[in-house]
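What follows is one structure encoded as structure tokens, with my remarks underneath.
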Amino acid sequence: MSSPRTQPPCARVINRPDVQSRSLESSLLQLVNDHQTDAIRLREHTEKSKKEAIKSAARVSDLLVEAVNGGVEECYVNEKRIEAEIGALKTTIVRFAKQTDQWLASTHAINTAIKEIGDFENWMKTMELDCKSITTAISNIHQS
């Protein structure tokens, strides 16, 4: 609160009721004014402290978000890199699958050719035996 105001010497000497009531009234008004001034100062101080607290909380929040986002950003970059590698692996797998299918087709063709060669060889042997049999039969018929 405020310090009591000093009154002029002539006001202290006078002890009239109207002067005392004015003095009391002015003292009360002074007290009310001091109280209002103190309340305004307190309100301003509270408002200033509140704004500072909000700024500090916002700064802490920003720092926390930055800290968390750093890890999230790193995870995101890793995820994108992994997705790119997955795409490359898919392409490689498709290429290897096609190549494997080509190899299987080639080996099947080779196996078929080998079978045909074997079948031709067997056919030739059979023909040779048949020819020998026919030759022998004709020789036997001719000699008899």
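The values are calculated or read from the model by the stated rules, or taken from the named source; none is laboratory data. Source: prediction; values computed, not measured. Ideal geometry is used to build each Cβ from the backbone, glycine not excepted, and the neighbour counts take in all protein chains shown. Keep in mind that these areas ignore ligands, DNA and RNA; they rest on the heavy atoms of the full protein, side chains included. Shrake-Rupley method; radii C 1.70, N 1.55, O 1.52, S 1.80 Å.
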Applied in sequence order to the range 132-137, the curve 6.51 cos²θ - 1.76 cosθ + 1.60 (Karplus, θ = phi - 60°) yields integer Hz couplings, x standing for Gly and Pro, of 4, 5, 5, 4, 5, 5
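So what is the calculated 222 nm ellipticity per residue for the chain, using -39500 (n - 2.57) for each DSSP H run with n of 4 or more, over all residues, to the nearest 500 deg cm²/dmol? The partial results should precede the final answer.
On the way: 2 runs with 132 residues, N = 144.
Computed mean residue ellipticity for the chain: -35000 deg cm²/dmol.
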HN-Hα couplings for the range 56-73 via Karplus (6.51, -1.76, 1.60; θ = phi - 60°), in whole Hz with x for Gly/Pro, come out as 5, 5, 5, 5, 4, 4, 4, 5, 5, 5, 4, 5, 5, 5, x, x, 5, 4
The answer for chymotrypsin sites (Phe, Trp or Tyr not before Pro) in the range 60-125 that fall in a DSSP coil and have at most 14 neighbouring Cβ atoms within 10 Å is none
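Leaving ligands, DNA and RNA out of it, report the carbon-plus-sulfur percent of the accessible area of the chain at a 1.4 Å probe.
Numbers: 8220 of 13010 Å².
Exposed carbon and sulfur together represent 63 percent of the surface.
Determine the per residue accessible area of the chain with all protein chains present and a 1.4 angstrom probe, expressed in square angstrom.
Details: 13010 Å² over 144 residues.
Per residue, the chain has 90 Å² of solvent-accessible surface.
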Semi-axes in Å, largest first, for the range 20-137 (Cα gyration tensor, √(5λ)) are 110, 10, 5
